Amino acid sequence: MEIITKKLSELKLNPDNVRMHPDKQIKEYVRSLKQNGQLKPIVIDEHNVIWIGNGLFKAMQEAGFEEAYCYVKYNLSDKQKKKMMLSDNRIFDLGVDDMAAFDRLIRDLGDDLDVPGYDHDLLSTLTADLDNVDTMMADYGIIDEERKETLIEARENYERQEAKQALPQQDLPQPAYETPSPTVSPAPLKENAPQGHYVICPKCGETIWL
């Protein structure tokens with residue numbers, strides 16, 4: 001595979017791209033680029049149209065990059081390009097995290113939990129010992145609504161990965177579409193409790209309102 005360098009101004013977003021890239025993902029992509037640089041090439045055709053890496057391209061623009069490493073696929077038909085794009089997206093979705101290995105890696109990081117794509121506070125709760133829970137609860141203080149929703153969403157993603165890992169690999173469902181996750185409403189506050197005081201239990205994942 002020959003990797004070449006292309007100016008971002010020469011590359012073109014693909015109007016047929018099937019993967020959506022919300023602001024939150026682009027923000028985390030930018031964090032990764034600033035921390036690690038470009039980790040994989042953008043796949044383009046001979047006309048500089050992006051077939052794999054549209055989100056990466058957007059993040060590189062946001063982060064102020066001027067050039068990107070690219071892999072050029074020549075002489076593909078329109079159908080071949082579209083099948084390549086669909087295949088890349090779907091095969092990535094079929095991966096399942098090994099939660100035991102995930103826990104080991106996070107514990108190996110110790111206090112250095114600045115990991116793009118993950119919420120620092122969530123990772124802290126996942127690695128906390130019971131003896132440290134009281135201290136963590138005191139440290140949380142007031143958390144605004146946006147921060148609260150981020151923690152809830154991150155915890156749900158972690159639990160979904162654990163549930164997938166518990167299934168035999170051959171029995172993993174292959175739905176034709178994603179079933180929307182149920183809306184999660186924040187737990188009610190105690191009477192007269194200040195808005196936003198809470199902590200996520202590192203062992204059971206329950207939200208504890210203070």
In region 46-129, if every C-alpha pair distance is counted and binned at 5 Å from zero, what percent goes to each bin? 2, 10, 15, 14, 12, 15, 13, 8, 6, 2, 0, 0
Determine the gain in length on full extension of the stretch residue 3-residue 40; use 0.36 nm per residue of separation and subtract their C-alpha separation, reporting nm with one decimal. 12.3 nm
Charges only on Cβ, +1 for Lys and Arg, -1 for Asp and Glu: so what's the dipole of region 3-93 about the Cα centre, in debye to the nearest 20? 200 debye
When a footprinting reagent is the concern and you count Cβ atoms within 10 Å, what order do 2, 149, 46 take, fewest first? 2, 46, 149
How high is the FRET efficiency between residue 66 and residue 157 when r is their beta carbon distance and R₀ equals 25 Å, given to the nearest 0.05? 0.15
Taking 7 Å along the Cα-to-C-beta vector as the label spot, tell me the residue 94-residue 73 distance in nanometres, rounded to one decimal. 1.6 nm
With no solvent and one equal point scatterer placed on each C-alpha of region 81-123, evaluate the Debye formula and give log10 I(q)/I(0) for q = 0.16, 0.18, 0.22 Å⁻¹, two decimals. -0.60, -0.67, -0.78
Just subtract the alpha-carbon distance of residue 16 and residue 105 from 0.36 nm times their residue separation and send over the number in nm, one decimal. 28.3 nm
Over all directions, how big on average is the projection of the convex hull of the alpha-carbon atoms in region 3-93, in square nanometres? 5.7 nm²
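Taken together, the values in this text are just the output of simple stated rules run on the coordinates, not laboratory data. Nothing here was measured: the structure is a model prediction, and the numbers come from that model. Reconstructed Cβ throughout: ideal geometry from the backbone, glycine too, with neighbour counts over all protein chains shown.
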